[in-house]
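The block underneath contains the structure these notes are about, expressed in structure tokens.
The values are calculated or read from the model by the stated rules, or taken from the named source; none is laboratory data. These numbers come from a predicted model, not from an experiment. Note that each Cβ is placed from the backbone with ideal geometry, even for glycine, and that neighbours are counted across all protein chains shown. All accessible areas refer to the heavy atoms of the entire protein, side chains included, with ligands and DNA or RNA removed. Shrake-Rupley method; radii C 1.70, N 1.55, O 1.52, S 1.80 Å.
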2 protein chains.
Amino acid sequence: MTDTKMILGMAMNDGYGALASSWRAPGVHADNYTDIAANIRFAQAAERGGFSFLFIPDFPAVRADVGRQTIRNILEPMTSLTAISQATSRIGLVATGSTTFQEPFNHARQFKALDVLSHGRAGWNAVTTSDPAVAANYGRTVASRAERYERAHESVQIVQALWGSWAADAWVKDKESGQFVDPAGLQPVNLQGRYVAARGPLAIPPSEQGQPVIFSSGGPSPHLLALAGRYASGFIGEVWTIEQGRAQREMVRRAAQDAGRDPDDIKYFAGLMTTVAPSVREGLDRRIAIAGESFPAQLPHLSAMLGIALGHDQLDRPLSPSQLAEAHASPMDPRSEPALEVARRGWTIREILAHGVIDYHPVTVGPAEVHADHLQRWFEAGAADGFWLNPDVFEDGVDAFVDQVVPLLQQRGVYPTDYPGRTLRQNLGVPEQYGLDPRVVPAANA
Amino acid sequence: MTDTKMILGMAMNDGYGALASSWRAPGVHADNYTDIAANIRFAQAAERGGFSFLFIPDFPAVRADVGRQTIRNILEPMTSLTAISQATSRIGLVATGSTTFQEPFNHARQFKALDVLSHGRAGWNAVTTSDPAVAANYGRTVASRAERYERAHESVQIVQALWGSWAADAWVKDKESGQFVDPAGLQPVNLQGRYVAARGPLAIPPSEQGQPVIFSSGGPSPHLLALAGRYASGFIGEVWTIEQGRAQREMVRRAAQDAGRDPDDIKYFAGLMTTVAPSVREGLDRRIAIAGESFPAQLPHLSAMLGIALGHDQLDRPLSPSQLAEAHASPMDPRSEPALEVARRGWTIREILAHGVIDYHPVTVGPAEVHADHLQRWFEAGAADGFWLNPDVFEDGVDAFVDQVVPLLQQRGVYPTDYPGRTLRQNLGVPEQYGLDPRVVPAANA
Ligand SMILES: Cc1cc2nc3c(=O)[nH]c(=O)nc-3n(C[C@H](O)[C@H](O)[C@H](O)COP(=O)(O)O)c2cc1C
Ligand SMILES: Cc1cc2nc3c(=O)[nH]c(=O)nc-3n(C[C@H](O)[C@H](O)[C@H](O)COP(=O)(O)O)c2cc1C
């Protein structure tokens, strides 16, 4: 047990949950997608559990498989988070915004406005967006990674400079003398990049946390690490084992150090998907009942991960002794080793799939102890500073986690019993920053 | 008295008021600019008065005279209106958004999201933004009017097409069968303009009013009329006399007709600035006490409007008989005729200026009858379908209008006693629309 506690964040999306077909689960309102009251309910539950932030991914395009599947984007991140800000008071509000498809001045203004009206709780997940369907919504095609990241460096730099362009002491607002603002404290930033530019200043004074916090998310490519290392205070990764988590967390911390910052200035979050149930058996049954129809289509993928042939007729049988002997984790997919472990415990193919072994993040299924053990183990092993939770079904999954898992983590002393501070920055334990970080040398050309 | 009632909208800006130095007025909190609770208070007061909409102008740049003057933009329109939407239920929410400095896909998504989460109350004041300081915040210079309006036509067309791209009956959400949405009802729009383009579809179902309402505002240049005629359901103008209002309203109605629509499909609003006080004398004193320091600088302008020399030593004297004989309304400024009328009533120069004769809109000062008379006269003369009110000081000016003027208008039968409908579209009395208006032929090249 250390003095540092783990930090929790929660995903928010179209209002249903991380599990396929969660919109059809019992008790779920099919119209949650357009019902902001639903997302407010989930946000308030997360706040009751002391979560430091909500984090909303965003790929603004209709996916090819929509139909039986839902939209899997929130209606629109900034407006949804703003509405949520009015019904919460402590939880952080992190929205994804594309450096490729939004003007830096618009990003700077909207995020800082949200930061001010939420009293210091806003964050920006700055992504470059490599999805061709999204690019088409802006009449464009996907640029090379080099170009996308060059524009991203320019954008984030301009945004942070604009955030700092209203000097912290410029707002005089002295009714007696009649001085509203000191114009000398509102200076242009005059940044001209290759792709984007802005003069400034931005007419928004500091929020309670100064300015919004920047997040990065993704695989640790050199491009993303260079961006995150310079600017991000939070990083959300996809890792399936403690070893992967430790390695990736180290890369992210080193990237911050390489950029001239302190490695503790950036917090690493591992994604996790949760099904809280009275027992593992009931948890698996819940997942089969809700998402089972999607399992048969996953058989080829599971076969490839385990290196053995799996037929539809085997869905309700475990691997045979000869299959177990033959099976080996595919080096092509980082989820293979944990999947093989589940298979070795004797579960049937359907149950293996119900464990979520092919999901986007590790999946924990069962009573509170299962989740608390996983979180504590990873945290104490240095695999993460915290976790980004994706409940299987928002409607009851957030409450279940908050009411059952959170108290256990608190008893074990690994999770705070109250918010450490009032702002997102304080709750993440990252330093004050206003404007650009003077320690950071901008990327060339940016 | 006709069956049709006048429609009222209210301005919202940086939280202080339409009068210079209103931030220093007694009872005004100097930090209203960043206090969303203040704007919520004003919005709720307007809603109590049955106002159909809030309308937020936007020129996102720091003005040269900021210092003793305030910012005169709301922090950020979309986030502010979203916050307000959560604390109101009937009033419409119209934000200015620049067709030049925002991607149409982003506009389409944010405005329709606001429309959905406000249950059919959103509107978009689509402007081309000709301010060089704003352009510089996007690293650009101001394009020619032709180019700005060509892009505007493309943008609004793309936005409306995206709004209609989720077919009204596409959202099946049948938990039993497992069909969430009918993919056939989500079709690309594939619009490619010269300046902007989008594939779509936009993944947002209809709001209670289908889609947001479009507003135009400005002087009736042929370019603006061509845009408003095709797309706008509301038009806010600057006119100082009933004759000017009738003429401009006719131009706007004719523009709609020329575009293939019904002239009643577009409502014309005349701007008005109000000071409600127990008497005219007390109203003028209130304006002098708050804004009087700005009057001396207005002397040259007033001189030019009246065609006579006015000295600082004359501030507390009325025009002399010889000045009155010499004075004539300048044809260069449409405010000159009403200014001369005020002068002829024998007010001192300071009092003439306190009448707001050089303000952006006509100013009414005094007890409820003064305001009600003005509104009723203009409305019954066909000079406007309604009015866009700019209270001198929000902190007490909204309540004063709502508590004193609104009941009088209701007694006179010219203003509704309750909201006519639940959506902005219904409260404006404009027809249903989803997607593009099939009657309208897009502009060439757009
Ligand atoms: C947890 C997580 C969340 C992500 N969220 C988004 C997102 O919301 N929008 C997006 O465009 N990309 C998102 N990404 C993708 C990454 O930002 C990144 O684009 C991706 O890893 C591809 O890397 P590249 O940009 O180097 O090609 C996310 C990735 C992860 C792991
Ligand atoms: C009541 C009113 C409100 C306006 N609001 C805005 C605004 O918020 N933002 C803006 O850029 N222009 C605004 N305008 C300016 C007009 O949209 C228009 O740009 C202006 O009349 C110049 O005309 P032009 O575009 O044909 O050059 C407003 C004008 C009026 C009369």
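Checking each residue in the range B:296-343 for being polar (S, T, N, Q), under 26 Å from B:I242 (Cβ atoms) and exposed (fewer than 13 other Cβ atoms within 10 Å of the Cβ) picks out no residue at all.
For B:A61, the conditions (1) more than 30 Å from B:T141 (Cβ to Cβ); (2) within 13 Å of ligand 2 (Cβ to nearest atom) all hold with the exception of (1).
Only residues that are within 14 Å of another protein chain (Cβ to nearest Cβ), of a type in the set (G, A, S) and outside any loop (DSSP other than H, G, I, E, B) were counted in the range A:151-170, giving 2. The residues on offer are B:R121, B:R194, B:R140, B:R148, and the sole one that is at the interface with another protein chain (Cβ under 9 Å from one of its Cβ atoms) and either in contact (Cβ under 8 Å) with a residue 12 or more places away in the chain or within 25 Å of A:T141 (Cβ to Cβ) (or both) is B:R140. The combined condition, being away from ligand 2 (no atom under 16 Å from the Cβ), more than 17 Å from B:P104 (Cβ to Cβ), of a type in the set (A, V, I, L, M, F, W, C) and surrounded by fewer than 23 Cβ atoms within 10 Å (Cβ to Cβ), is not fulfilled by A:A135. The set of residues in the range A:381-426 that are open to solvent by 40 Å² or more (accessible area, probe 1.4 Å) and polar (S, T, N, Q) comprises A:Q404, A:Q410, A:Q411, A:T417, A:Q426.
Do we find a residue being away from ligand 1 (no atom under 13 Å from the Cβ) and in contact with a Lys or Arg (Cβ under 8 Å, 6 or more places away or on another chain) anywhere in the range A:243-254? So far as the range A:243-254 goes, no, none of its residues is away from ligand 1 (no atom under 13 Å from the Cβ) and in contact with a Lys or Arg (Cβ under 8 Å, 6 or more places away or on another chain).
Residues in the range B:229-273 that are part of a loop (DSSP other than H, G, I, E, B) and within 13 Å of ligand 2 (Cβ to nearest atom): B:A232, B:E238, B:V239, B:W240. Candidates are the residues of the range B:92-118 that are within 8 Å of chain A (Cβ to nearest Cβ) and aromatic (F, W, Y); the one that is surrounded by the most Cβ atoms within 10 Å (Cβ to Cβ) is B:F105.
Check whether at least one residue in the range A:14-28 is at the interface with chain B (Cβ under 9 Å from one of its Cβ atoms), within 16 Å of ligand 1 (Cβ to nearest atom), hydrophobic (A, V, I, L, M, F, W, C) and in contact (Cβ under 8 Å) with a residue 12 or more places away in the chain, and report yes or no. Checked the range A:14-28: no residue is at the interface with chain B (Cβ under 9 Å from one of its Cβ atoms), within 16 Å of ligand 1 (Cβ to nearest atom), hydrophobic (A, V, I, L, M, F, W, C) and in contact (Cβ under 8 Å) with a residue 12 or more places away in the chain. Regarding the range A:195-202, can at least one residue be identified that is touching a Gly at 6+ places or on another chain (Cβ under 7 Å), of a type outside the set (S, T, N, Q), away from ligand 2 (no atom under 16 Å from the Cβ) and part of a strand (DSSP E or B)? Checked against the condition, which is being touching a Gly at 6+ places or on another chain (Cβ under 7 Å), of a type outside the set (S, T, N, Q), away from ligand 2 (no atom under 16 Å from the Cβ) and part of a strand (DSSP E or B), the range A:195-202 yields at least one hit.
When you look at B:A133, is it within 13 Å of chain A (Cβ to nearest Cβ) and over 22 Å from B:L202 (Cα atoms), yes or no? Answer is yes for this residue. One residue stands out in the range A:1-33 among those that are charged (D, E, K, R) and within 20 Å of A:Q376 (Cα to Cα): the one that is least open to solvent (accessible area, probe 1.4 Å), namely A:K5.
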